[in-house]
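See below for the structure under consideration.
The values are calculated or read from the model by the stated rules, or taken from the named source; none is laboratory data. Note that the coordinates shown come from a computational prediction; the quantities given were computed from them, not determined experimentally. Every residue, glycine as well, gets a Cβ built from its backbone with ideal geometry; the counts of neighbours run over all protein chains shown.
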């Protein structure tokens, strides 16, 4: 089984190819044009690395947010188009879930990890997670908190908010959503993949024109 995965919820666009439960190839890129100009080039490269084509993909997996409004629209639309065009199944994976799995892979003994993802308006998305070895589980609903609001954290926290804004001793930075973990979660949840292409990105807050 091949799963093609991507996450475009942050400034870092990432693409990964999963074969069964293993990562075959993955790429990440950043920059102003990483999403709308480089995404398909990255997809082409991971497919060529394995010597396969879009028609060989069994499931398309896309990070559904929260995160960048523009990035999410680009990624979700692209993957819907490929899934519809090839008549294959698709699954939306929360970008928060992907960041959580990435954190638990580095801290497997933790019972709970608070995930903090940059909101880009002097705020961040926050939710607590557990992991049972089979899937990550959200303990509470995602909330938006302003910079400086982190006194509620008990135990380990991880995310992509810069450390200068989260001055908590247990906070580990550098944990952005990543296509490889989107793909691994898609494999864990493969029975939920379908040809229902009507889902939308999970923005969690209103778009603001700047």
* Structure fact -> Log entry, pairs with first residue in segment 140-155 being free of Cβ contacts under 8 Å to residues at least 40 places away in the same chain, second being in a loop (DSSP other than H, G, I, E, B), beta carbons closer than 6 Å, six or more apart or on different chains, reads 147/122; 150/166; 150/168; 153/168
* Name, by its number, the condition in (1) at pLDDT below 95; (2) assigned to a helix (DSSP H, G or I); (3) within 25 Å of residue 120 (Cα to Cα); (4) out of contact with any strand residue (DSSP E or B) (no Cβ under 9 Å at 6 or more places or on another chain) that does not hold for residue 40. => (3)
* Sort out which residues of segment 62-91 are assigned to a loop (DSSP other than H, G, I, E, B) and within 15 Å of the chain's Cα centre (by Cα), and write them in order of number. => 64, 65, 66, 67, 68
* Quick one: count up the residues across segment 43-91 that are at pLDDT below 95 and under 18 Å from residue 187 (Cα atoms). => 0
